[in-house]
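Following: one structure in structure tokens, then a few remarks.
Nothing in this text is a laboratory measurement; each read-out follows from the coordinates by a stated rule. Owing to the predicted nature of the structure, the values given are computational and were not obtained by experimental measurement. Heads up, the Cβs are rebuilt from the backbone with ideal geometry, glycines too, and the neighbour counts pull from every protein chain shown.
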Amino acid sequence: MMDWSRFFKRTVSISIDCCILFASWVLAYYLRYDSLELIKDESFVLSFMAVMLATIVVFSLSGLYRAVVRFIGLRSMVAIAAGTMVSGVLLHFAIDANAFLYSLSGNLNYVFFAFAGIAGSRLLLRELVTVSGRNAHHKVLIYGAGASGRQLLLALASSVEFRAVAFVDDDPSFHGVMIRDVKVHAPDCIEAVIKKYGISRILLAVPSASRGTRAKLIERLEPLGLPVLTIPGMTDLVDGKMKIDELQDVKIEDLLGRDPVAPVPSLLTANITGKVVMVTGAGGSIGSELCRQIILQSPQKLVLFESSEFALYEIDKELTTTLANQQLDLQLLPVLGTVLDQQRLQQIMQSYHVQTVYHAAAYKHVPLVEFNVIEGLRNNLFGTWHTAEAAIASKVETFVLISTDKAVRPTNVMGTTKRLAELALQALATRQQSTRFCMVRFGNVLGSSGSVVPLFRKQIKKGGPITLTHEDITRYFMTIPEAAQLVIQAGAMGEGGDVFVLDMGEPVKIYDLAKKMVHLTGLEIKNKQNPHGDIEIKITGLRPGEKLYEELLIGDDEKPTRHPRIKAANEVCLSWNEMQALLSELSDASINYDLEKIRALMLSAPTGFNPTDGICDLWWQVNKSM
């Protein structure tokens, strides 16, 4: 019944009330005259039907049909009393004087029976819903007895899926306190509380806690083997984007326990405010977040440069909505194009007088680039070079390359092409001084396309197995908004040719991350020690070009900057003449589809390329023996 639509519930309530009103009328008449003869009169019945309709209208206007069954109380009783009394008065004037209504006792009987029937049906239904709530499928513990926890308790009062039976809070002043008949316990008692009440879910109600605090809390809850859900963050609650009872899975950034550092305002605005900004790859994971952050810094114009029509449409639509909602005054320019077309890039930059370029366009999936070497080389290296040359010709002030930790001592083609792109920009920085080039290098971002986190979550929901390439593989992680903010700030520093490295925190062992995700959904790992577990973690072996661990620095020579999470790296670079010669040879080899030559040039360049596999390119594999 709780799953019925609101309209259907109201229709059923009105139908029941009509039946009760009619039955009350019949019963009152019968008790007064010990006969039902007059009720057989058609005009008599039609008059009552009109009164009954008017009574339903009165009930509706008084809000009776908007009341939530679980919260029916005095206000609803008053509405029912008023409605039935009005009904009695109307009935007195609607029906012939020869009828029982000139008898005060008959009329009072009708009002009494109608009130008792309608009020009684509501109270009975409320009791049934309450009892079913007590037997709800999920008895839950709310962690956090503050304002958010209390609001959650109130919201859950109308839920048949969850019933809060206990609070746990770290604050000793709350211990032993009863909140709406629910007791607050100390954290040390949590296991005993779970056993005592048969709790099947833990709901986190600490939206204002730092990520570090939440990570420690989740660390304590993980061994309990219960699903852990959380209320939305404080920002979403305050902005009205989500309600407090819209429970979510624990966010992976909470598991990492890394709190973002407040940005330096002058670094955020330096290359953006009042300027014309262009983002290549504007529809990608990083590119789109850069755009979201950029529009908040009041640029004059934002050029969205993207090769995918669908991705460009999506980000343009999203940003247009944001501009309207926040009343931001800037011009969005969605431009379709490829970074391999230097003439197109130059036309756009010169037409709109672009001053800052964030180059996020790249192929980043390691196995795909291994299987498509030439396309990866063209897009990641030559696309960067052509975009940079267009920027120089257009007198762009600042050019920021979004790089990757996979460019450090790369074992794959993708990382090598990104390191070559860094070398190209470093060389261009020595050739001219009109455009300032810098590169920002960081690791994996949570929620990007191909990220392990959404993949694991999807596999867990399907019942497993979770697929993992190696038990010891580790990766650096950062949220997309934090990465984009740091990229913008890093781009405001440096003199030209600088490589900046973002502080990614501690590397995360992916196997441990997978186990945590399983445990926090209340499931068990299935392995030899626990053959009856729920989710198996299947090791598939390293993919072509994949490393066990990533690094952010080639050498040990790093320097601090104005931001605590941004370091400057001092690394090997080529002169422009050397780089130009390398670009020429790589271009010829790619035109001729000479994969062996490309591999040799990558190995000879100062990239640190140390491949773990042979040439994996799909075209080359088919044609190598021909």
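Roughly speaking, what is the stretch gain from D34 to K458, that is 0.36 nm per residue apart minus the C-alpha to C-alpha distance, in nm to one decimal? Please report the intermediate quantities before stating the final value.
Working: separation 424, 0.36 × 424 = 152.64 nm, distance 6.96 nm.
Contour length minus the Cα-Cα distance gives 145.7 nm.
Straight-line reach from K9: which lysines fall under 25 Å, measuring Cα to Cα and dropping same-chain residues less than 8 apart?
K243
Using Cβ counts within 10 Å as a stand-in for footprinting exposure, how do M178, M49 rank, fewest first? Write down the numbers at each step before the final one.
Details: M178 9, M49 14.
Final ranking by Cβ density, sparse to dense: M178, M49.
Tell me, C616, C19 in order of fewest to most beta-carbon neighbours within 10 Å? List each step's numbers first, then the result.
Details: C616 20, C19 12.
So the residues, fewest neighbours to most, are C19, C616.
What is the angle, in °, between the Cα long axis of helix 413-431 and the longest principal axis of the Cα atoms in the chain? Nearest 10 is fine, range 0 to 90.
60 degrees
Taking amide H positions as placed 1.01 Å from N in the peptide plane, with prolines and chain starts having none, which residues 5 or more places from F477, or on another chain, fall under 5 Å of its amide H?
Close amide H contacts, sequence-distant or interchain: V508.
Applying the Karplus parametrisation 6.51 cos²θ - 1.76 cosθ + 1.60 with θ = phi - 60° to the phi angles of the range 521-535, what ³J(HN,Hα) value in whole Hz is obtained for each residue in order, glycine and proline being reported as x?
My calculation for the range 521-535 gives 9, x, 10, 10, 6, 9, 8, 5, 6, 9, x, 9, x, 9, 10 Hz in order.
From the residues S47, Q355, A282, which one has its Cα farthest along the dipole of the chain in the positive direction, the dipole being from +1 and -1 charges on Cβ of Lys/Arg and Asp/Glu about the Cα centre?
Looking along the dipole axis, the top candidate is S47.
Suppose only helical runs count, i.e. DSSP H with n ≥ 4. What mean residue ellipticity at 222 nm does that imply for the chain under -39500 (n - 2.57) per run, divided by all residues and rounded to the nearest 500 deg cm²/dmol?
Details: 23 runs with 289 residues, N = 626.
The helix contribution divided over the chain gives -14500 deg cm²/dmol.
Quick one: if you stick a label point 7 Å off each Cα along the C-beta vector at A147 and F310, how many nm between them?
4.3 nm
With 32 Å as the limit, write out which pairs from K317/K567; K301/K461; K547/K597; K183/K528; K516/K547 have Cα-Cα distances beyond it, or answer none.
Numbers: K317/K567 35 Å; K301/K461 43 Å; K547/K597 24 Å; K183/K528 41 Å; K516/K547 23 Å.
The answer is K317/K567; K301/K461; K183/K528.
Toward the positive end of the charge dipole of the chain, about the Cα centre and with charges on Cβ (Lys, Arg +1; Asp, Glu -1), which of F456, V182, V396 goes farthest?
So the residue furthest toward the plus end is V182.
Can you figure out the FRET efficiency of K624 with L53, using R₀ = 60 Å and their beta-carbon distance, to the nearest 0.05? Don't jump to the answer; show the numbers that get you there.
Details: r = 85 Å, r/R0 = 1.42.
Efficiency, from the Cβ-Cβ distance: 0.10.
In terms of the ratio Rg/(2.2 N^0.38 Å) built on C-alpha atoms, what value belongs to the chain?
Values: Rg = 34.4 Å, N = 626, 2.2 N^0.38 = 25.4 Å.
Relative to the 2.2 N^0.38 Å estimate, the chain comes out at 1.35.
Relative to the longest principal Cα axis of the chain, at what angle does helix 309-326 sit, 0 to 90 degrees, rounded to 10?
Rounded to the nearest ten degrees, it is 60.
Say a paramagnetic label sat at a point 7 Å from the Cα of T469, along Cα to Cβ; which residues of the range 502-521 have their backbone N under 12 Å from it?
So the set is empty, nothing qualifies.
Could you calculate the contour length gain from V261 to L123, that is, 0.36 nm times the residue separation minus the distance between their Cα atoms, to one decimal place in nm?
44.3 nm
At 7 Å along the Cα-to-beta-carbon direction for both L336 and K528, put a label point, then send me their distance in nm to one decimal.
Going by the 7 Å Cα→Cβ label model, 5.6 nm.
According to a simple spin-label model (label point 7 Å from Cα along Cα-to-Cβ), what is the distance in nm between I591 and Q327?
Label at Q327, label at I591, 5.7 nm between them.
Against the longest principal axis of the chain, how steep is helix 383-393, in degrees 0 to 90 to the nearest 10, with axes from Cα atoms?
80 degrees
Mind listing the phi-derived Karplus ³J(HN,Hα) values for the range 492-501, rounded to whole Hz, using 6.51, -1.76 and 1.60 with θ = phi - 60°, and x for any glycine or proline?
8, 10, x, 9, x, x, 7, 10, 9, 10
If the only charges are +1 at each Lys and Arg Cβ and -1 at each Asp and Glu Cβ, what is the size of the charge dipole of the range 386-440 around the Cα centre, to the nearest 20 debye?
Numbers: 7 positive and 4 negative charges, 23 e Å.
Charge dipole of the range 386-440: 120 debye, to the nearest 20.
Taking 0.36 nm per residue of sequence separation and subtracting the Cα-Cα distance, how much length would be gained by fully extending the chain between E536 and M85, in nm to one decimal?
Details: separation 451, 0.36 × 451 = 162.36 nm, distance 6.64 nm.
This chain segment gains 155.7 nm when fully extended.
Provide the FRET efficiency to the nearest 0.05 for the A23-A157 pair, computing r from the beta carbons and using R0 = 41 Å.
On the way: r = 32 Å, r/R0 = 0.79.
The computed FRET efficiency comes out at 0.80.
Which three lengths, in whole Å and largest first, does the range 138-256 cover when its Cα atoms are put on their principal axes?
The Cα atoms of the range 138-256 stretch 35, 31, 28 Å along the principal axes, largest first.
Return the long-range amide H neighbours of E536 (sequence gap of 5 or more, or a different chain), with a cut-off of under 5 Å between placed amide H atoms.
I466, K526
I need the calculated FRET efficiency for the pair V78 and Y197, taking r as the beta carbon distance and R₀ as 45 Å, to the nearest 0.05. Write down the numbers at each step before the final one.
Values: r = 37 Å, r/R0 = 0.81.
Plugging the Cβ-Cβ distance into 1/(1 + (r/R0)^6) gives 0.75.
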